[in-house]
Amino acid sequence: MSLETAFDDTDRPSGKIIQDCVHCGFCLSSCPTYLETGNELDSPRGRIHLIKAAAEGRIPMGTSLVKHLDLCLGCLACETACPSGVKYGSLIEMSRGQIERRFKRGLGEKILRAFIFRIFPYPRRLRLLLPFVYLVKALGLKKIFPPALLNRLSPSASSMFHMLPEVSSALGETLSAFYPALGERKKKVALLNGCVQGVFFPEINRATVEVLCATGCEVFIPRNQGCCGALSVHSGRLEEGRMFARRLVDLFTVLEVDAVVVNSAGCGSTMKEYVEILRGDPVYSEAAAQLSAKTVDVMEFLSDTGIGTPLHPLDIRVTYQDACHIVHGQGIRSAPRELLRSVPGLKFTEMLQSDHCCGSAGIYNIVQPEMSAKLLSRKIREVEKTGADYLAVGNPGCMIQIRKGLLNSDSKTKIVHPVEILNWSLKGGIG
Ligand code: SF4
Ligand code: SF4
């Protein structure tokens, strides 16, 4: 492949954004991969340098470029840290789009990625995994095949196996299409089901509905939602992501709700970006912008509207992990903390580096299991130092990842979504 063809003109990384980087290096200390490897090419500044060189035809589309861009978590901590406002997220997504179309991966990686993208964004296919989840639990297979053993066979397979959710009474539950407000109706909202959230964490969707209804919302949950496109967009499968986005735009815009509430960080962040993702689409651009404007994270929504109904005491110690696509992707930092602190009796403890990625990052923990494991170990050490009974985090991917780390280290800390804690407090008891 000639140097000129490293990137083509389809979804090309923006030259303007590349130029915005003044190479100051303020972002380096916020980058989890740079902190681990110490290699400038694994930092935001180094990656922008590589993307610029590829865009200018100075380096080819090859393993060296792909290796450093693949190792990026897409956590967007560098965007928060950057004083020049460099939109790094757009650069990495567009560059990954180029890699996806123009780089030939090895057979093993191709099969792994094909498996992920044929299963994960499709709730009906994910449901087919549920019998396996029960079997793993019934036979105690996670204990029989610990990560150290499976890692020797395949770190990616080991990571996927140990990410399988725990069996709960709600597992596989499907929610109704409509829930009325309790008392006077103040708002009409819709809820995103989410693929992983909807199938593996229905109890979080149920808690979200119960809290919303208790605060005076009537809640619509459109059927057959499918994926929001976050996994695809963050992995450079841009056309696939746009296809999923159009579907949700169709489903949600007809409802004419006050807000579309999302309880999953990556999904909320992506839906707020539909305005960019579908910009230029002659049919969908306007409706996409409307949907983006109505999309809110559940904690952001509750903080704005107020709970408006008494909270009961909970005698628990809680710490909070900032999911990357909530804190860096959506700029939401104080709302979840303030809501948790508003629960009487709840003792809130800050965790050091709460806004550093846990290594989950969409499909990262499967395709980059070694770096993911290092970041998870770092995270578990910080969780343990807090002595918290519960770690609250607003994203299913982070929950799966950190729960795996907590179980493997026999930690006493349990992981929950912050909306579950609010629901316990509204009901007056845990569970
Ligand atoms: S997105 Fe995260 S991992 Fe990637 S360069 Fe930025 S800070 Fe580093
Ligand atoms: S991305 Fe921002 S913080 Fe990082 S080197 Fe460029 S201008 Fe500086």
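If you put +1 on each Lys and Arg Cβ and -1 on each Asp and Glu Cβ, how big is the dipole of the range 309-427 around its Cα centre, in Debye rounded to 20?
Magnitude of the dipole: close to 120 debye.
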The chain, accessible surface, carbon-and-sulfur percent (1.4 angstrom probe): 56 percent
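Over the chain, with the other protein chains present, what is the accessible area per residue in square angstrom, probe 1.4 angstrom?
Using a 1.4 Å probe on heavy atoms only, each residue of the chain averages 42 Å².
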Among the Cα-Cα pairs of the range 3-102, the proportion with separation greater than 23 Å, in percent, is 17 percent
Hey, in the GNM for the chain with a 10 angstrom Cα cutoff, which one of Pro202, Pro313, Pro13 fluctuates hardest? Pro313
Can you give the three extents of the C-alpha atoms in the chain along their principal axes, from longest to shortest, in whole Å? 66, 52, 42
Once the in-chain neighbours fewer than 8 apart are removed, the lysines whose Cα is under 30 Å from Lys67 read Lys16, Lys52, Lys87, Lys104, Lys110, Lys272, Lys374, Lys379, Lys404
Test item: Cα-centred dipole of the chain, Lys/Arg +1 and Asp/Glu -1 on Cβ, debye: 1040 debye
Mind checking which lysines have their Cα closer than 19 Å to the Cα of Lys427? Skip sequence neighbours fewer than 8 apart in that chain. Lys347
Can you give the helix-only mean residue ellipticity at 222 nm for the chain, where every DSSP H stretch with n ≥ 4 adds -39500 (n - 2.57) and the sum goes over all residues, rounded to the nearest 500 deg cm²/dmol? -14500 deg cm²/dmol
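The values are calculated or read from the model by the stated rules, or taken from the named source; none is laboratory data. Computed from a predicted structure; not experimentally measured. Positions of Cβ are generated from backbone atoms using ideal geometry, with glycine treated the same way; all protein chains shown enter the neighbour counts. Areas reflect the complete protein model, heavy atoms only, side chains present, ligands, DNA and RNA absent. Shrake-Rupley method; radii C 1.70, N 1.55, O 1.52, S 1.80 Å.
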